[in-house]
Each structure stands twice: as structure tokens, then as C-alpha cells.
Amino acid sequence: MSNRFTYSVLKYSHSLLLQESLNLGVLFLFGVEDRAFFIPGNPQRVKLAYPSFDPVIFQTIVKGIRHKLDTGPTPNILFPDGRSRRELAFNFLLPEDSSAFQFSEPFEAVNPYGTPEIAVDEFSRLLLPEMEVKKEENRHNETFLLRRFTDQLANRNIAADFRLRKNHVVQIKGLKMNFELSWKNGIVHLIKPISFDLKGESDIQNKSAQYFGYLDLLTEHAKHNDLTFDLLVGKPQDEKLQSSYEDALYILDRAAAPKDIITEEKLPEYSEKTAEILHQKDL
């Protein structure tokens, strides 16, 4: 099985006369797997160098490329063997003209990482400066989890600002903990987002142990006061951390406190259930 792949860099050239360019994205093709990936860079880097640069135009180009990859021919048809034909394929995604955005000529590389996803991640770090900053901005952190939950409630005509209590504080001897949202249905549901979209295995392990300790300390208080903890749990986007994430779920599940672990995949179902209960209170 071949471990080679093809990539091309999307460049922004502010002045064709000066021949200066900045990397703004990378297109990857893995022929054996018949898969293609397009990874956009950070447009703010270009904006700092050229204040007249329009990030909206760039986002439109990104959407167009991804749409063609999703709906067009499969990569092995789009990128057949033969350098000149591959160049035609790149022009299909972004036609060659006088635009400031152009793909470089395609390059061949060896994938030493085992999977296309890891190769894409590692090569993107090399080819797209400030990729780490961009990833940090796009992490599925606690704010992201809460926003997804409240947005899904809003789609079901539930105004979270009015129907859910904000900043519900639980205090026992030795511990004071804030729960961002709460709602009541016989028992009080205390919502706590916990993101494991972190940088390393030790970060995930430490955070899961920390919240296991919190839940353990609050167990008796919760049982005596009809409380349950609804944990909105975010997973790491880095597939290399999947095993650590599963270990973190196992640790949280071992806590004896009354709780419901709501992973990102289960969040729509939890939102639907919450919305139905809150709607019934209006009847």
C-alpha cells in the first residue's frame, strides 16, 4: 500500500508584480484512500500584512473549494495519475486567472504518520504559520459547549436567558462551585460544561481527575437536596487524544454523584428533552 500523497498550497499574492505571496491554505490528496482535505489558514495573518485584504472573500473561496470536494467527482477521478492532469484538477477547484488566490504546483510527499488525518495535521503546522493560534481560537471549549446548547434551545423556541437560571452556586464546607445554568423538573438539573479539547494527554487526565474530585465531594449534598449534575462534555479534535478522552469519560462515570454525562454527540438529544420539559411547564 502506497504511503505517498499529493499537496498543493493555496497562496495569496497581493501584488503579482512584486511576486510576494503568503500561504493561506493547503489541499491534500491521498490517492489510495481516495480522500481529499482542504485546510484553511489564518486570514488575520494576511490582514496584518495587507490591511486591504478582505477575509470575507477568502471565506467564500474556502466554502467554494469544500463544496466542490464534497459534491464533485471522487478524488481519484479528480486527481488521476499524471502531473499535468492533476494541475487541471487544481484549476477545477480554483480556476487559474489573474486572481490574487492561486494554488501552487502540486508536490509529492511521503506520509510517515500512519493515517491521513495525522499527516494533514502535521504538514498543516509546517505550511500554515499561526496554525496553532487558529486551532486555539477554534477549540471546543466550555463557551462553545454552552453556546451549542443554548442555540439548540433557541431553535426549539426556548429562550435560555429567561427559562434557565444562570450561575447557580453550590457551596459545602471546603468547596464552592458555580454551575453556569440550571433548570428544574422535580429535581434540579445543574449544567456544567467540561471541555477535553486540550493540548495533551496529561491535561485531559488532570482535568478528569479534578472533576471526579468535585463530583465526589458534592455527592451527599446532591442526594440530600434533589440535585443532579448534567455534564456537557466536549471531546478533543485531535484524534491522537481519543484514547485519553475515553479514559476521561470512564473516570467521570465512576463518580457516585447523581449525574448525566452528555457528550457532544448526545447534546441535540439532551436539548430536545430539556425543551420538551420546559414547554410542558407552559401548558
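Observations on the structure shown:
- Looking only at residues in region 182-196 that are under 15 Å from LEU231 (Cα atoms) and β-branched (Val, Ile, Thr), the one that is surrounded by the most Cβ atoms within 10 Å (Cβ to Cβ) is ILE191.
- Residue selected from region 197-213 under the condition surrounded by 16 or more Cβ atoms within 10 Å (Cβ to Cβ) and in contact with a Leu (Cβ under 8 Å, 6 or more places away or on another chain), by the criterion farthest from LEU175 (Cα to Cα): GLU201
- Single residue of region 216-235 satisfying the filter (crowded, with 20+ Cβ neighbours inside 10 Å, under 32 Å from the mean Cα position of the chain (by Cα) and among the aliphatic types (A, V, I, L, M)) that is farthest from LYS266 (Cα to Cα): LEU218
- Restricting attention to region 223-255, the residues being among the small types (Gly, Ala, Ser) and under 19 Å from LEU190 (Cβ atoms) number 2.
- Condition check for VAL110: open to solvent by 30 Å² or more (accessible area, probe 1.4 Å), modelled with pLDDT of 80 or more and more than 22 Å from GLU20 (Cα to Cα): yes
- Filtered by the rule that a residue be open to solvent by 40 Å² or more (accessible area, probe 1.4 Å), without any contact (Cβ under 8 Å) to a residue 60 or more places away in the chain and in a loop (DSSP other than H, G, I, E, B), region 22-49 gives VAL32, ASP34.
- Close pairs from region 102-128: first within 14 Å of PHE38 (Cα to Cα) and without any contact (Cβ under 8 Å) to a residue 40 or more places away in the chain, partner open to solvent by 70 Å² or more (accessible area, probe 1.4 Å) and assigned to a loop (DSSP other than H, G, I, E, B), Cβ under 7 Å, at least 6 apart: GLU122/TYR113
The values are calculated or read from the model by the stated rules, or taken from the named source; none is laboratory data. All figures in this text were calculated on a predicted structure; none of them were measured in a lab. Note that each Cβ is placed from the backbone with ideal geometry, even for glycine, and that neighbours are counted across all protein chains shown. These area figures cover heavy atoms from the full protein model, side chains too; ligands, DNA and RNA do not enter into them. Shrake-Rupley method; radii C 1.70, N 1.55, O 1.52, S 1.80 Å.
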